Amino acid sequence: MSDLTSNLEKLSGYLEPFQSTGVSHHINGKNLWSKSGDTFQSVSPVDESFICDVAKGGAEEIALASNAAKNAFPEWRDLTGTERKKILHKIADGIVARAEEIALCESWDTGQPIRFMAKAAIRGAENFRFFADRAPAARDGQSLPSPTLMNVTTRVPIGPVAVITPWNTPFMLSTWKIAPALAAGCTVVHKPAELSPVTASILMEIAKDAGLPDGVWNLVNGIGEEAGKALCEHPDIKAIAFVGESRTGSQIMKQGADTLKRVHFELGGKNPVVVFDDADLDRALDAAIFMIYSLNGERCTSSSRLLVQDTIADAFEAKLIERVNAIKVGHPLDPATEVGPLIHTAHFNKVSSYFDIAKTDGATIAAGGARDGDVGYFVKPTLFTNATNDMRIAQEEIFGPVLTSIRFTDEDQALQMANDVNYGLTGYIWTNDLTRALRFSDKLEAGMIWVNSENVRHLPTPFGGVKASGIGRDGGDWSFEFYMEQKHIGFATGSHTIPKLGKL
Ligand code: NAD
C-alpha cells in the first residue's frame, strides 16, 4: 500500500466524527451551534469535496463567548503560574498524541503537503511547552527604589483577548498566539479562518481533555466580516492578536478603535532574498527555493522576491529554472509531494491572475505560469524573470508558489530595491562578506533577517514585521509584553513630606 493510500485511509477515520456531527462552536466548555442555525461548508482544495458543515457564528455567539471569557478571567488570572504551566504541558502532550490526526486533517483542509504539516503539528506542541515553562515567571517585575519609595513593578494579564487566525498553517499559528495568552493568564476567544476550521476544533478538544477550565478558551467559527468584526468590537475583549492580510489588519484597527483595543498584527510580506556574487551559491539556491516553494508559497515569510547580482544572474536563474521544473506537485497527503493545491478557488484565481499581469508588465515566465491538472486548485511552481522592482509581481503579495527574479548591479541598488516595497517582514542575505552582511542588515527594512540561512525559527527571538507587515513582536518575553500590563506600585519607606494644600 502506498503512503498516500494509507494516509487517505487514516484520514477518513479521523474525519468521520467531523463529517457526521460537523464543527461547532465551543463556548464556556460546551459545543454549541449558532442560534440562527446558520452553517457553512468546508471543502478540500484537493478535489473540492465536502469535508464538513461548520457553525457560522455572529454577534450573538461572540457575545456569549466574550462573556464566558470575562467570567473565567479572574480565576484563571489568579491561578499560580505553576498550575497554568502544568495544564499547558498537558495540552502539548495531547497535541503530540494526536499529531498524526492533526497533520492529516490540516493537510486535507488546507492543501499543504503532509511533509510540512507533520512538522507543523509538533511545532504547535513546542509552542505550548515554550510558553508553559515561562508561565511561572510571567508576572515578575522589578524593584526600582527611590529615596522615599520602594517602587516595584509587576505584570498583570490584560484580560480576555481575541485571537484571529488565517488559513495558512492554521494549527501552528493558533498555538503560537493562544499558548502565550493562556500562559500570561489571559482568557481567549478564538476565531479561526473560515477556510480551514477543522484543526482548531481538534485543538479545543485537546485543551478540554487537558483540564482547561470552562470559559478560559472559547472557539467561535464564522466569517471574518461577521464573527471577526463582532469580536473586534466587543467591549469585554481587551486586545486583539491577529494574523492575516495587511488590509484586514487595517479594518480590524478601525473596528477596535471605539473600544480602544490593543492590537498585535502579523501581516503580509514581499520578502527579498538578496544573492551577492560572492555567496555560497548552491546553499543560496537551496534556501531561495525552499523559502518560496515550501508550504505552497502560502507563507508570510516566503522569499517571494529574488534580488540577484547581475554577474551571476544567468547561471543562477538557469539552475533555478531546472529545479523549479522538477518540484513535485501533487496530492498533499503523498509524502513525496512538495507543492499541493492552493487553499481556495478565489485564491487560485488571484495567484493565477499574476501570470497575465507578469506578461502584460513585460516580465518573462521562465517556469510554470499555468494551472496544474483539471481538478483542485493546483498551479505549477512559477518563476518570473526579466522583472523590475516596480512591477506588480515585485510589489504585491501573491501568496503562492511564485518567485519574481530581479537583477541588481551593486549593493546600493540591491538595498534600494529591497526596501522599495510596502512590506517589511523578513529579508534573507547571501554573501561571504561579513562586513557587507552587517551593513546591509542594518539598513534593510525588515523585522527579521537571516544571513546565509533560510528562516530558522528560534522561539526566544522576536517575530514580527515593520511597515505594512505588522505591529508588535511575538516570541520570548515579547508575547507577554502584549498580553500583559505593566503595573507600578510605590510603597513609602518613611514619612516623607507630603505637599499640603488648604492647610493654614
Ligand atoms: P485574512 O486577513 O483574509 O483573514 C485572516 C483572519 O481574519 C480570518 O480568520 C478571517 O476570517 C478574519 N477576518 C477577515 N476580515 C475580518 C474583519 N473585518 N474583522 C475581523 N476578522 C476578520 O488573511 P488570510 O487570507 O486568511 O491569510 C493570509 C494572509 O495572512 C497573508 O497576507 C499572509 O502573509 C498573512 N500571514 C502573516 C503571518 C505573519 O506572521 N506575519 C503569518 C501567516 C499569515
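The values are calculated or read from the model by the stated rules, or taken from the named source; none is laboratory data. Please read all numbers here as calculations on a predicted model, not as lab measurements. Every residue, glycine as well, gets a Cβ built from its backbone with ideal geometry; the counts of neighbours run over all protein chains shown. Quick note on the areas: whole protein, heavy atoms, side chains included, nothing else; ligands and nucleic acids left out. Shrake-Rupley method; radii C 1.70, N 1.55, O 1.52, S 1.80 Å.
Residue by residue, here is whether (1) open to solvent by less than 90 Å² (accessible area, probe 1.4 Å); (2) within 16 Å of the ligand (Cβ to nearest atom); (3) within 16 Å of the chain's Cα centre (by Cα); (4) at pLDDT 95 or above holds:
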{"site": "T461", "(1), (2), (3), (4)": "yes, yes, yes, yes"}
{"site": "G464", "(1), (2), (3), (4)": "yes, yes, yes, yes"}
{"site": "K467", "(1), (2), (3), (4)": "yes, yes, no, yes"}
{"site": "M484", "(1), (2), (3), (4)": "yes, no, no, yes"}
With the checklist (1) of a type in the set (A, V, I, L, M); (2) surrounded by 14 or more Cβ atoms within 10 Å (Cβ to Cβ); (3) within 16 Å of the ligand (Cβ to nearest atom) in hand, flag the one item V456 doesn't pass. (2)
Cβ-Cβ distance below 8 Å, separation of 6 or more or different chains: which pairs start in segment 129-145 with a residue that is farther than 27 Å from D93 by Cα and end on one that is not polar (S, T, N, Q)? G141/V152; G141/R155; G141/K487; Q142/V152; S143/M150; S143/V152; L144/V152
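Could you tell me whether any residue of segment 157-166 is surrounded by 15 or more Cβ atoms within 10 Å (Cβ to Cβ), under 25 Å from the mean Cα position of the chain (by Cα) and farther than 30 Å from E225 by Cβ? Break it down stepwise before answering.
Here is the first cut: in segment 157-166, the ones surrounded by 15 or more Cβ atoms within 10 Å (Cβ to Cβ) are 157-166.
Among the residues that remain, those that are also under 25 Å from the mean Cα position of the chain (by Cα) are: 157-166.
Then drop every residue that is not farther than 30 Å from E225 by Cβ, which leaves none.
No: segment 157-166 contains no residue that is surrounded by 15 or more Cβ atoms within 10 Å (Cβ to Cβ), under 25 Å from the mean Cα position of the chain (by Cα) and farther than 30 Å from E225 by Cβ.
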Take the residues of segment 235-260 that are near the ligand (Cβ under 7 Å from one of its atoms) and assigned to a loop (DSSP other than H, G, I, E, B): which is most open to solvent (accessible area, probe 1.4 Å)? E245
Looking at (1) outside the structural domain of E481 (by TED's automatic domain parsing); (2) within 15 Å of the ligand (Cβ to nearest atom); (3) closer than 22 Å to L425 by Cα; (4) not in a loop (DSSP other than H, G, I, E, B), can you tell me which one F348 breaks? (3)
Sort through E194, E205 and tell me the only one that's within 16 Å of the ligand (Cβ to nearest atom), among the acidic types (D, E) and open to solvent by 30 Å² or more (accessible area, probe 1.4 Å). E194
Y428 versus (1) in contact (Cβ under 8 Å) with a residue 24 or more places away in the chain; (2) away from the ligand (no atom under 16 Å from the Cβ); (3) outside any loop (DSSP other than H, G, I, E, B): which is the lone unmet condition? (2)
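Sort out which residues of segment 398-424 are in contact with a strand residue (DSSP E or B) (Cβ under 7 Å, 6 or more places away or on another chain) and open to solvent by less than 30 Å² (accessible area, probe 1.4 Å), and write them in order of number. Write out each step before concluding.
Going through segment 398-424, the residues in contact with a strand residue (DSSP E or B) (Cβ under 7 Å, 6 or more places away or on another chain) turn out to be 400-408, 414, 417-418, 422-424.
Residues satisfying the conditions are G400, P401, V402, L403, T404, S405, I406, F408, A414, M417, A418, G424.
Yes or no, residue by residue, for (1) under 29 Å from P401 (Cα atoms); (2) at pLDDT 95 or above:
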site	(1), (2)
S2	yes, no
A63	no, yes
G94	no, yes
G111	yes, yes
Hey, could you check segment 214-228 for residues that are under 14 Å from S196 (Cα atoms) and open to solvent by less than 10 Å² (accessible area, probe 1.4 Å) and say which is nearest to the ligand (Cβ to nearest atom)? G222
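Checking the condition open to solvent by 10 Å² or more (accessible area, probe 1.4 Å), out of contact with any Lys or Arg (no Cβ under 9 Å at 6 or more places or on another chain) and not assigned by TED's automatic domain parsing to the domain that holds T165, which residue from D314, D310, D282, D334 passes? First the steps, then the outcome.
Values: D310 fails: out of contact with any Lys or Arg (no Cβ under 9 Å at 6 or more places or on another chain); D282 fails: out of contact with any Lys or Arg (no Cβ under 9 Å at 6 or more places or on another chain); D334 fails: out of contact with any Lys or Arg (no Cβ under 9 Å at 6 or more places or on another chain).
Within the list D314, D310, D282, D334, the selection yields D314.
Please determine whether any residue of segment 92-106 is more than 30 Å from Q41 (Cα to Cα) and surrounded by fewer than 18 Cβ atoms within 10 Å (Cβ to Cβ). Explain how you work it out, then say what you get.
Our first condition is that a residue be more than 30 Å from Q41 (Cα to Cα); within segment 92-106, this holds for 93.
Subsequent filtering for residues that are surrounded by fewer than 18 Cβ atoms within 10 Å (Cβ to Cβ) retains 93.
Looking for residues that are more than 30 Å from Q41 (Cα to Cα) and surrounded by fewer than 18 Cβ atoms within 10 Å (Cβ to Cβ), one finds at least one in segment 92-106, hence yes.
Regarding S294, is this residue of a type in the set (G, A, S), open to solvent by less than 10 Å² (accessible area, probe 1.4 Å) and over 27 Å from G22 (Cβ atoms)?
On the way: of a type in the set (G, A, S): yes; open to solvent by less than 10 Å² (accessible area, probe 1.4 Å): yes; over 27 Å from G22 (Cβ atoms): yes.
In short, yes.
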Show the residue pairs meeting these rules: Cβ distance below 6 Å; 6+ apart or different chains; first residue within segment 462-473 and closer than 14 Å to Q251 by Cα and in contact (Cβ under 8 Å) with a residue 60 or more places away in the chain; second residue open to solvent by less than 30 Å² (accessible area, probe 1.4 Å) and of a type in the set (A, V, I, L, M). G470/L267
